Amino acid sequence: MESCTKHLLTGNEAIARGAFEAGVKVCSAYPGTPSTEIFENLVRYKDVLYAEWAPNEKVAVEVAYGASIGNVRSLAAMKHVGVNVAADPIFTAAYNGVGAGFVIVSADDPSMHSSQNEQDNRRYARFAKIPLVEPSDAQECKDFMKEAYEISERFNTPVLVRMTTRVCHSKSLVTFEEREEREVKPYVRNIPKFVCTPANARVHRVQLEERLEELRAYAETSPLNVTEYKGGKVGVISSSIAYQYAKEAFPEDTSFLKLGFSWPLPLDLIRAFAARVEKLYVVEELDPFLEEQIKAAGIECIGKDVIPDMYELNPEIVRRAVFGEEPETVKPDCAVVARPPALCPGCPHRGFFYVLSKRKDFVIAGDIGCYTLGCAAPLSAMDSVVCMGGGFSVAMGLSKAFEASGQDSKKVFGVVGDSTFFHSGMTGAAEIIYNKGKVIPCVLDNSITGMTGHQDNPGTGYALSGEIAARIPIEDVLKSYGYQNVIIVDPQDLAAMQKAVDDALASEVPAAIVVRRPCLLIKRIKHDIGKCTVDRDKCRGCKMCLKVACPAIHMREGKAEIDRTLCVGCTVCAQACPFGAISRDGGPSAKKGE
Amino acid sequence: MTANTKSILLAGVGGQGTILMSKVLTAGLVSAGYDVKMSEVHGMAQRGGSVSTQVRYGEKVYSPIIGRGEADVLVAFEKMEAVRYAEFLKPGGAAVINDIEIMPLPVATGAAEYPLGTVEAMQHSFSKVLVIPASGIAQKLGNPKCMNIVLLGALVRAFRLEAIDWKKAMGETIPQKLLEMNLAAFDAGYAYGG
């Protein structure tokens, strides 16, 4: 690689590059914004490393940890809430220690651009007692990854590399280095180290505390912790992207202590820095993670007294919080309408939610994915969304609550997608059969992991590498569990969709519905694309077509109108129209699947 | 500090191509020797929602994002998005606006009305506002998706960014089979921006 050339990379691309340069050999992840592109880029190095999409984050961590036990450097990556799923093996790996270097990347999402919460995963490092590394731009993402592997091997511990959306998805210039091929030690069985029986765990428990002492000492001199002394008036301690914001918000003569290795904290370094400045600020995004520990050590500082502890920061927010400076802005005299995300025109989920939206006695537990948008008005066809794979099990709880409280007239549906089915929906499907739930499990199989940008999963027949992989038919899984009536339906055919729902509810034996039509954005499939037109003479302006919630239809002068640049000819609106006023150009075709 | 850092804010609707335009912009700025940072939005926000991408360049850039009142230029891919993001523009800042309306779902379903006078309100608030029928120009060129590069051409002309070799930047970022079409789109936007 030409080492002097600079490359403009996102933080995610740089993490992948860092893993490559560090000689990593086995990598496993489950996609989730803002972490997804790490593995989409990692796979470019598939000649020298193995990278895969795992069914979920727990599996990813276990696979990567297994590889570490096998003495090769390994990586697992996930979004912040994925760490909740993977927490079990992470905590035990911390006790056992590692074989070769083992790094877990957590991509947090302050302000919840694409997430259900903004949990601050720095706390996981402290909770699991593993070291924490926080890069603040793409160059650091690459360089810190390499240092993280050194730390992991030197101290015999998993390392948590914590990113945030703005670190993941911001581009900055990066200098490349060569990949370091590492000699792999031959594998030898080591029962006391890697078998976590209570007797072994009690030994590991003591070793863990000894290791943390060593890591505390390392933190004091880590190259990732940098003092920029510019004078004794004001000092700022910061980490991650908040450092970049603070650099812009504070004047030139401000001293900085930038923490790239942020747990265990280098308290002596912090104490020495604090002693050299008159006023000390701690600028961090989300929780007062650094501040609480600094204050507990008896060091005076200003932190969340002024800096917001919610949502992401930016230079303007820091400037306002610290110096009370209001920015000069101009507000045009014109109201704007919200533009929430919506199911795309032609989205296969539309027909399913349209049919379910018509019944007031339906209770629908949803899940995380594009189909979460089935909650949006006017479909409003969802009662709850909690987490990946939760659609079936939350539905089970709802149905048991209705049984226990005499509200038996309610019909409960659990909804998951194809990727979430394999992620953790399968266990919910087992729960419903095993404990006799009055729930219709529905798998919205659009043949891809949609919302995160089209990643493959065990149901698609392809692997991350692009190679053909085993395709696990969802209906076969459900049948093997004991769902004797698995109905497979094309949601774009509203009559068939309605019949599937009616049949499932009337079924004498356990029933499930696989709602199957591929996402229109999948590039490897040839889709049947057309255009629909409204016959303005037949249209009576009843607005029934608006109830399908398609961005391509709106009213103009009292009649429905279809935006031809957006319409893809799915005909769901045409089927919803009671007056036959909408038709697909060239005939009513294409309402059935290919 | 970093007073010489310039910030360009691209705002539009998910799927309109703000990210590709910012890729070309950053490639050009990097080749001109600037320190560059760029921030984009993925995931949930892309599904037809309002999206923004930010490009910052100068001698040394720290933050990849800006707050209110900090953008030098706002490029709005849709009229109402110009108004939505106007508060991020400096009072003396400039705007390039694609002259089209895309109905958000609340308007399509009849729950709200698309606002009147978006462009006029922008022109009243900012002295430098260029309104360009970029979607129409791209349509005439035969590929409506080139609208983003039409806007880039207009931006380059209107804000005197000609010192940078944009055609080379496009060559580095746009697939070969689409390059010719996009070069034509750039020229058309450039001609309009004068």
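The values are calculated or read from the model by the stated rules, or taken from the named source; none is laboratory data. In this text, all values refer to a predicted model and were calculated from it rather than measured experimentally. FYI the Cβ positions are ideal-geometry reconstructions off the backbone, even for glycines, and counts take in every protein chain you see.
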(request) Working only within the stretch A:272-298, note down all residues that are of a type in the set (Phe, Trp, Tyr) and over 28 Å from the mean Cα position of the chain (by Cα). (result) A:Phe273, A:Tyr281
(request) Taking the options A:Ile299, A:Ile294, A:Ile317, name whichever one is among the β-branched types (Val, Ile, Thr), surrounded by fewer than 20 Cβ atoms within 10 Å (Cβ to Cβ) and not in a loop (DSSP other than H, G, I, E, B). (result) A:Ile317
(message) If I filter the stretch B:54-77 down to residues being farther than 17 Å from B:Tyr34 by Cβ and part of a strand (DSSP E or B), which single residue comes out as farthest from the other protein chains (Cβ to nearest Cβ)?
(response) B:Val75
(request) Only residues that are away from chain B (no Cβ under 14 Å) and either on the phi > 0 side of the Ramachandran plot or charged (D, E, K, R) (or both): list them for the stretch A:24-44, please. (result) A:Lys25, A:Arg44
(message) I'd like the residue in the stretch A:1-46 that is polar (S, T, N, Q) and not in a helix (DSSP H, G or I) and, out of all such residues, is farthest from A:Ile104 (Cα to Cα).
(response) A:Thr5
(message) Take the residues in the stretch A:336-392 that are closer than 27 Å to A:Lys79 by Cβ and among the β-branched types (Val, Ile, Thr); name whichever of them is nearest to the other protein chains (Cβ to nearest Cβ).
(response) A:Thr372
(message) Looking at the structure I just gave you, is A:Ala338 at pLDDT below 95 and more than 30 Å from A:Val443 (Cα to Cα)?
(response) yes
(request) Confirm whether A:Gly406 is outside any helix (DSSP H, G or I) and within 14 Å of chain B (Cβ to nearest Cβ). (result) no
(message) Against the definition (touching a residue at least 12 places away in the same chain (Cβ under 8 Å), crowded, with 16+ Cβ neighbours inside 10 Å and closer than 25 Å to B:Lys23 by Cβ), how does B:Ala121 come out, yes or no?
(response) no
(request) Would you please list the contacts, defined by Cβ atoms under 9 Å and residues six or more apart or on different chains, that run from a residue in the stretch A:146-158 that is at positive phi to a residue that is of a type in the set (A, V, I, L, M) and at pLDDT below 95? (result) none
(message) Being small (Gly, Ala, Ser), out of contact with any helix residue (DSSP H, G or I) (no Cβ under 9 Å at 6 or more places or on another chain) and modelled with pLDDT of 95 or more: is that true of A:Gly569 here?
(response) yes
(message) Anything in the stretch A:110-157 that is part of a loop (DSSP other than H, G, I, E, B) and within 14 Å of chain B (Cβ to nearest Cβ)? List them, or say none.
(response) A:Pro110, A:Ser111, A:Met112, A:His113, A:Ser114, A:Ser115, A:Gln116, A:Asn117, A:Glu118, A:Pro135, A:Ser136, A:Asp137
(request) Filter the stretch B:98-120 down to the residues that are under 25 Å from B:Gly193 (Cα atoms) and assigned to a loop (DSSP other than H, G, I, E, B), then identify the one that is nearest to the other protein chains (Cβ to nearest Cβ). (result) B:Gly117
(request) Give the residues of the stretch B:66-111 that are more than 12 Å from the chain's Cα centre (by Cα) and of a type in the set (S, T, N, Q), sorted by residue number. (result) B:Thr109
(message) Out of the strands (runs of 3 or more DSSP E) lying entirely within the stretch A:158-257, which hold 3 or more residues that are more than 14 Å from chain B (Cβ to nearest Cβ), buried (at least 23 other Cβ atoms within 10 Å of the Cβ) and in contact with a helix residue (DSSP H, G or I) (Cβ under 8 Å, 6 or more places away or on another chain)?
(response) A:159-164
(request) Report yes if B:Ile8 is assigned to a loop (DSSP other than H, G, I, E, B), hydrophobic (A, V, I, L, M, F, W, C) and more than 7 Å from chain A (Cβ to nearest Cβ), otherwise no. (result) no
(message) Given the condition facing another protein chain (nearest Cβ under 9 Å), crowded, with 20+ Cβ neighbours inside 10 Å and within 18 Å of the chain's Cα centre (by Cα), answer yes or no: does some residue in the stretch B:133-150 qualify?
(response) yes
(request) Kindly indicate which of A:Ala60, A:Ala100 is assigned to a loop (DSSP other than H, G, I, E, B), buried (at least 22 other Cβ atoms within 10 Å of the Cβ) and either touching a strand residue (DSSP E or B) at 6+ places or on another chain (Cβ under 8 Å) or not assigned by TED's automatic domain parsing to the domain that holds A:Leu173 (or both). (result) A:Ala100
